[in-house]
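Take a look at the structure set out below.
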Number of protein chains: 2
Amino acid sequence: MTMPTTYDEFEQLAMRLDMSRGKPSPEQLELSRALLDEAGTAGFLSRDGIDCRNYGHLLGLPEARELGAQLLDVDAAQVVAAGNSSLELMHDALAFAMLYGMPGDAPWSRQGEVAFLCPVPGYDRHFAICEALGIRMIAVPTTQDGPDMDVVDAHVKNDASIKGIWCMPLYSNPSGAIWSNETIERLAALPAAAPDFRLFWDDAYRFHHLTDTLHKTPNIIELCERAGHPDRALVFASLSKVTVAGGGIAFLASSVRNVDWWQRHMGVRTIGPDKLNQLRHVRFLRDREGLERLMAKHRALLRPKFDAVVAAFEALLADLPDVSWNRPEGGYFISLYVPKGYAKRTVALAAEAGLVLTPAGAAYPYGRDDEDAHLRIAPTFPSLDEVKVAARGIALALRRALEETAR
Amino acid sequence: MTMPTTYDEFEQLAMRLDMSRGKPSPEQLELSRALLDEAGTAGFLSRDGIDCRNYGHLLGLPEARELGAQLLDVDAAQVVAAGNSSLELMHDALAFAMLYGMPGDAPWSRQGEVAFLCPVPGYDRHFAICEALGIRMIAVPTTQDGPDMDVVDAHVKNDASIKGIWCMPLYSNPSGAIWSNETIERLAALPAAAPDFRLFWDDAYRFHHLTDTLHKTPNIIELCERAGHPDRALVFASLSKVTVAGGGIAFLASSVRNVDWWQRHMGVRTIGPDKLNQLRHVRFLRDREGLERLMAKHRALLRPKFDAVVAAFEALLADLPDVSWNRPEGGYFISLYVPKGYAKRTVALAAEAGLVLTPAGAAYPYGRDDEDAHLRIAPTFPSLDEVKVAARGIALALRRALEETAR
């Protein structure tokens, strides 16, 4: 493909590309080809002789829970191995909190208005759950070290209606932030007015490094326990972006008390997860080393795409005031910060040229970025050649948006 | 194994058998061996070129929805193909009703006390969902034609707090009842005071015939529509007892309006089901004929077990007053009705001899059978030899219970 140098040239390419979501590419999915090809040889009997075809094992196949424990640095008793999506686990945990309350406390739905802190920019699907459940969202500004902890502290210490905070500690969606040890320690020790205050700890990109530095954040469950809040953290993770996006395993890790709470409520909903898929995953990945070898292959595919976006922005946007972007060290997104009032127009111009981006504002509660200044770029799914063109297209769309008002 | 002729002989056998749940036997699971063995050849590309490994298709893989439509005699647009359990779908439909309300109506959680009619004996897991959600349960007596419709009618016509009724129209768990056309037509046309009144139609045993007469109940969605209540029926079914219990596909079928409602709320919870498993199922079962051929093989394995229970009861209990049982024509259970006050003691005596039965009372709301007179027998999982001994054991435990008080 020719590299466009103006918005008009970009438009003439008549791209048809959807870059709105953080999906793995077909090449990434091929990395787990053996998971599918050898599915017929995995059989159905677990290490412990469990017939994985039948009902049961509500909290997951024991060896899948053990794999999760190894991956998340906790005991297997603290891990639930579930279906194909950690989003489901977050949704259900919040729905259970609304309907039944956290262990020992009243249902949130009977505590009057309840609220969640939402570091921004953040993950739109987190915010969608809160919005659906009627949980008021309070945006909290963030830096590359995580949320502004003085703001968080001021909110939670006197206001018992604030029941939790969304956390993406490593390679945040979409800012790529790596939350600092200090931030994380403060979250664990936070003097929250609500006894049922929770950290919804979405460790989505725990293994999704883009550089050779395999960053690691502190063990939040341990920190909370040490700070006297043993039930504060609910940790979510999944293999969706490790093996296959629609057919992985999701994990919930927390205190044993919270796992018991989960079991009590989830036991009403289901007789157990698909243990056959869990067995296949355990046999394919084997252990943490197996997973890390696989993630290195993902990295080799993804790094050039992220580099291409950053290179295009450097080439085409470096001269513009109030325009910046991050160079993520992991995760699935790049954030592009544009002058106030230009995000929506840039997305619209890209769409007119056939390139669908994440809607402007999506990374903010209720989809409202009051400054209209943030774009989420998702370079993982398209081919490298497409990413090169699309990244230039985004930059050229922004330049065109700025020119329109400068005329 | 020797066939016991007294309770003491049965006790001396020191069985160790759990017959508490309706699980398929290993031999039944073997019938779908090809689903596992050939999993590696099913690939990942759907008929329509969808990469089943990736995210998306919230309502299920199109060809899985089409299979569901064929099985349930509805349009594919009316079907959701989901995860491994219809119980989840029932739970989530009720949870959504509590949190968000049925389409066009207020959340049930904001309508004061709400109630469900529960034909008894019924399925304990239905009742557990209501109990968890705080939905008051009202027991309704049933015959082999279904619930007493005069009782149902009297309840719903003036009481808008009654929001639904649990229905198992074909081979009910645990009575084996086949609801009559008249009952079903009355349910469709019921003059319910609540505009958001719903039939929770658990068609769990739609294909699970035990005789050569393949019974069929009327299409409830169509009947409701004709009666002017197009959104009244939510139909649930699954392949758990067709292929593999822990790794099948579950279906929800309803009006397009209800499917849209489902999509709206489920879209907040997940990005989509495991389409790889759906693809494998479609390729393994192919169509309704494929499923029916498979069910005939289940029938061949199950029929002798049900016959053995009935034969043991006939041999050992025929002389007792106030003792009866049904000879089911399908489904997974036999109900044994004992003299008032003897169900719990019979279960306890069986347990003392090493045979775990479903707890007495489980088939009633809140686990309370005021007459203490019903036992649910689940003969599917054990081997035929075990079933023969166990059935005699149950009969002998009942006889012993009766003797204890006669002394």
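What follows is calculated from the coordinates using simple rules that are stated; it is not laboratory data. Computed from a prediction, not measured in an experiment: that's the story for all the values here. Here the Cβ is made from the backbone with ideal geometry for all residues, glycine too, and neighbour counts use every protein chain on show.
Tabulated results
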read-out: Residues in segment A:126-142 that a label on A:D148 would reach, taking backbone N under 13 Å of a point 7 Å out along Cα→Cβ; value: A:139-142
read-out: Shielding of B:86-92 by partner chains, average beta-carbon count, 10 Å; value: 3
read-out: Cα shape, segment A:340-407, gyration tensor, a/c 1.5 rule; value: oblate
read-out: Under Karplus coefficients 6.51, -1.76 and 1.60, residue-wise ³J(HN,Hα) of segment A:262-274 in Hz, glycine/proline x; value: 4, 4, 4, 7, 6, x, 7, 8, 8, 9, x, x, 6
read-out: In range of the label at B:E314: residues from segment B:377-399 whose backbone nitrogen is under 16 Å from the point 7 Å along Cα→Cβ; value: B:388, B:391-392
read-out: Under 26 Å between alpha carbons - lysine pairs in chain A that sit 8 or more apart or on different chains; value: 20
read-out: Rounded if a/c under 1.5, otherwise prolate or oblate - segment B:157-311, Cα gyration tensor axes; value: oblate
read-out: Furthest towards positive pole of dipole, B:F44, B:G146, B:A193, structure part segment B:34-286, Cβ charges; value: B:F44
read-out: Relative contact order (percent, whole number), segment A:20-148, Cα cutoff 8 Å, 6+ residue spacing; value: 12 percent
read-out: By average C-beta atoms within 10 angstrom, highest first, the peptides A:356-364, B:333-341, A:6-14; value: A:356-364, B:333-341, A:6-14
read-out: Copies compared at B:S383 - label distances in nm, ascending, label defined 7 Å from Cα in the Cβ direction; value: 5.9
read-out: Among A:221-227, A:23-29, the order from most to least packed when residues are scored by Cβ within 10 Å on average; value: A:23-29, A:221-227
read-out: In nm, spacing of pseudo-spin labels at B:R368 and B:T41 (7 Å Cα→C-beta vector); value: 5.7 nm
read-out: Sum of side-chain charges, A:F116 neighbourhood, beta-carbon under 15 Å (Lys, Arg +1; Asp, Glu -1); value: -1
read-out: Segment B:298-360 and segment B:17-42: distance between their alpha carbon centers, rounded to Å; value: 25 Å
read-out: Positive-end residue, segment B:1-140 charge dipole about Cα centroid, Cβ charges, pick of B:G56, B:T5, B:A82; value: B:G56
read-out: For A:G330, distant residues with modelled amide H under 5 Å away; value: A:L210
read-out: Unit charges on C-beta of K, R, D, E only; dipole of chain A, Debye; value: 680 debye
read-out: Descending Cα extents along the principal axes, segment B:34-286, whole Å; value: 56, 44, 33
read-out: Net charge of neighbours whose Cβ lies under 11 Å from the Cβ of A:L301, counting Lys and Arg as +1 and Asp and Glu as -1; value: +2
read-out: Shielding by partners, peptide B:52-59 (average Cβ within 10 angstrom, other chains); value: 6
read-out: Positive dipole terminus of the protein assembly as shown, leading residue within A:P103, B:A177, A:F284 (C-beta point charges); value: A:F284
read-out: Other copies of B:A189: label-to-label distances in nm, shortest first, labels 7 Å along the beta-carbon direction; value: 7.3
read-out: Estimated FRET transfer efficiency (A:D260, B:E113; beta-carbon r; R0 25 Å; 0.05); value: 0.30
read-out: Sequence-distant residues sharing a close amide H with B:I162 (under 5 Å, placed H); value: B:A115
read-out: For B:16-29, mean number of other protein chain Cβ atoms within 10 Å; value: 2
read-out: Radius of gyration, Dmax [segment A:72-120; alpha carbons; angstrom]; value: 13.5, 37
read-out: Cα-derived Rg over Rh, computed across the protein assembly as shown with Rh taken as Kirkwood radius; value: 1.00
read-out: In order through segment A:88-100: 3J(HN,Hα) via Karplus (6.51 cos²θ - 1.76 cosθ + 1.60), integer Hz, x for Gly, Pro; value: 4, 5, 5, 4, 5, 4, 5, 5, 4, 4, 5, 7, 10
read-out: Electrostatic dipole magnitude of segment A:354-399 [Cβ: Lys, Arg +1; Asp, Glu -1; Cα centre; debye, to 20]; value: 160 debye
read-out: Teacher prompt: B:R110 distances to equivalent labels in other copies, 7 Å Cα→Cβ, nm; value: 1.8
read-out: Inter-site label distance for A:D48 and B:L58 at 7 Å from Cα along Cβ, in nm; value: 3.6 nm
read-out: Student exercise, the protein assembly as shown dipole from Lys, Arg, Asp, Glu Cβ charges, in Debye to nearest 20; value: 620 debye
read-out: Contact order normalised by residue count of segment A:34-288, Cα under 8 Å, 6+ apart, percent; value: 28 percent
